[in-house]
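The values are calculated or read from the model by the stated rules, or taken from the named source; none is laboratory data. Just so it is clear, the model here is predicted, and its values are computed rather than measured. Positions of Cβ are generated from backbone atoms using ideal geometry, with glycine treated the same way; all protein chains shown enter the neighbour counts. Calculation scope for accessible area: heavy atoms of the full protein, side chains included, ligands and nucleic acids excluded. Shrake-Rupley method; radii C 1.70, N 1.55, O 1.52, S 1.80 Å.
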Amino acid sequence: MHLLQGELQAGQRAVADLSTEDAWSAFLRFGRARFDTPDTPDADGLLFQYGTYSFDGPPTFSLDLTRQFEINDSSGDHHHYLQVHCELRYDSAAPLSALGSFESWFFHDTEDDLDQWAEGLTDRGAWAVVREHRPVEIRVYREQV
């Protein structure tokens, strides 16, 4: 989590002052860093997801950039996943709500290429809509799932 926060603050600006593009770039830098993870296909993954949700108040559009790590127990068996989130929340806007919801995963140590995955996401028409809006809140947190 601290590494992601460091990437977000690399431009010497407060996290609250970052644009959608700034947060995406920081997330990709964090996503390129490699960690010692179990030797399984889904041990280190990146998730790009968005939608309008009402988890703790009125419906809000959010873009959630997540890194997921598999954590094994002492015998090497799966124990849980640790997810580090960079959640961008936006004021309600019809163009954002009209996007619906979407998710896409990338996993290290597969045949997929991180740069191609990222480019595919930013080539989507939805990205042009999302990047035109400034987040009103950026939350960085981790959770065990």
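Summary table
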{"quantity": "Rounded percent of accessible protein surface that carbon and sulfur make up, the chain, 1.4 Å probe", "calculated": "46 percent"}
{"quantity": "Positive-pole candidate from Thr52, His85, Gln116, dipole of the chain, charges at beta carbon", "calculated": "Thr52"}
{"quantity": "Computed accessible area, Tyr141, all protein chains, 1.4 angstrom probe, square angstrom", "calculated": "60 Å²"}
{"quantity": "Rough spin-label spacing in nm, given labels placed 7 Å along Cα→Cβ, for Glu119 and Ser92", "calculated": "3.9 nm"}
{"quantity": "Of Ala98, Ala26, Ala118, the one that fluctuates the most in a GNM where the chain has Cα springs shorter than 10 Å", "calculated": "Ala98"}
{"quantity": "Cα convex hull of the chain, projected area averaged across orientations, nm²", "calculated": "9.0 nm²"}
{"quantity": "The chain - accessible surface per residue (Å², probe 1.4 Å)", "calculated": "54 Å²"}
{"quantity": "Where Thr20, Thr110 fall by accessible area, highest first, once all protein chains stay in place (1.4 Å)", "calculated": "Thr110, Thr20"}
{"quantity": "Of Arg32, Arg67, Arg124, the one that fluctuates the most in a GNM where the chain has Cα springs shorter than 10 Å", "calculated": "Arg124"}
{"quantity": "Area accessible to solvent at Ser101, 1.4 Å probe radius, in Å²", "calculated": "90 Å²"}
{"quantity": "Using a Förster distance of 25 Å, the FRET efficiency for Val129-Tyr81 (Cβ separation, nearest 0.05)", "calculated": "0.25"}
